[in-house]
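No value in this document is a laboratory result; all are computed from the given coordinates. Quantities reported herein were computed from a predicted structural model and do not represent experimental measurements. Because the Cβ atoms are built from the backbone with ideal geometry, glycine has one as well, and the counts that use them run over all protein chains shown.
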Amino acid sequence: KLILLDSLLQENQKMKVALLLIGTLCLLAGTIEGFTKPPRPDGKPPRPSDGKPTRPSDDTHPRPSDDTHPRPSGGKPPRPVSECAPSPEMKTVVKLLEQLVDKVKELEGKLDVLLLSDTSLRLDHTWQNLTTGTYAFLGEPCTWFEARDKCKAIGGYLVEINSLAEMNLILKTSNSLGWKELKLAFWLGLNDIQKEGSWVWEHSQRRNNDGFRYWKPRPDNDETRPDNEDCALAKGTSYGWHQSPCDTKKKLGSDWTPATICKKDG
C-alpha cells in the first residue's frame, strides 16, 4: 500500500472540507450583512448599527411634505453588497481562505510527486541497473536493522558507496523518484556497532577510513553519548552522511524519514 499517499489524501481531504465550510460561512456572512439591512431612502448603503438608541420621531411637529416641489428622480441607486467595505471579520475570513487554498495546492503538489514515484514506495522492489551497480529503492520507513534485513531478503545488501560519482548517481536517481521532495533519507551499510569510532561497511567489512567518505559533519565517536549513534544515515538537502541511532524510525511525512537503498553485485 502507498502509506504516504493515503496520509496525504486524508490531509488534503480535510483541508478541502475546511475550505468548503469557511467559504460557505463567508457567503452566508456576506448575505446576512448585505440583506438584513434595508437600503436608505437617499440611496446610500445602510448604516451599521452602533448600538445607540434611535431618535424618537417628532410626531407633534411633523415636517410638511414637499409634494409641491418633488425632487427630480436621479438619485443614486443603492450600492450593491460587493461594493460595501468589508468588515475586519470578513477580511480575516478571506485571509484564512487564501491560506487554506495555498495549503491545498501544496498538498496536491506532493500528491502529484508521489503518484509519479509510487513504485519507490511499495513493499515490493524493482532493481535498477545503473553504471555503478544495481540498486533497489524502497521508500517504506524502517530502522537500520530492518533495512539491512530487507536487502538480504531480496538478494542484496544495504548500499555501500565507493565514490563521489556513485553518490551523485544514486542521488540523481532518488531525486527523480521524488525522494528529496518527500524528505526521504536512506540508510547506508556503514556502522560502528562493534567498536565505537571504527566505521565499517556491513557487507564488505571494509573500514570507511580506507575509502570514500561523505560525512557532514564528521562523526564525533563519543562513547559517552547516551543515544548510541552507531549507524550512518544520508539525509538533508545534500544527503550528507550523519551518525544516527540505528533504531531511528519516523513516520512518512515527518522530517527526513529513513528509507532503504539496496545494492547487489553483478
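Filter K105/K235; K91/K183; K91/K235 down to the pairs with a C-alpha to C-alpha distance above 30 Å, please.
Pairs exceeding 30 Å: K91/K183; K91/K235.
Which order do peptides 229-236, 173-180 fall in by mean Cβ count within 10 Å, highest first?
229-236, 173-180
Take the Cα of D265, step 7 Å along the line toward its Cβ, and report every residue of region 136-163 whose backbone nitrogen sits under 15 Å from that point.
Only 155-162 fall inside the zone, counting backbone N under 15 Å.
Output the pairs from K95/K250; K195/K264; K150/K263; K152/K249; K216/K264; K103/K180 with a Cα-Cα distance over 22 Å in this structure; if there are none, say none.
Among K95/K250; K195/K264; K150/K263; K152/K249; K216/K264; K103/K180, the Cα-Cα distance tops 22 Å for K95/K250; K195/K264; K216/K264.
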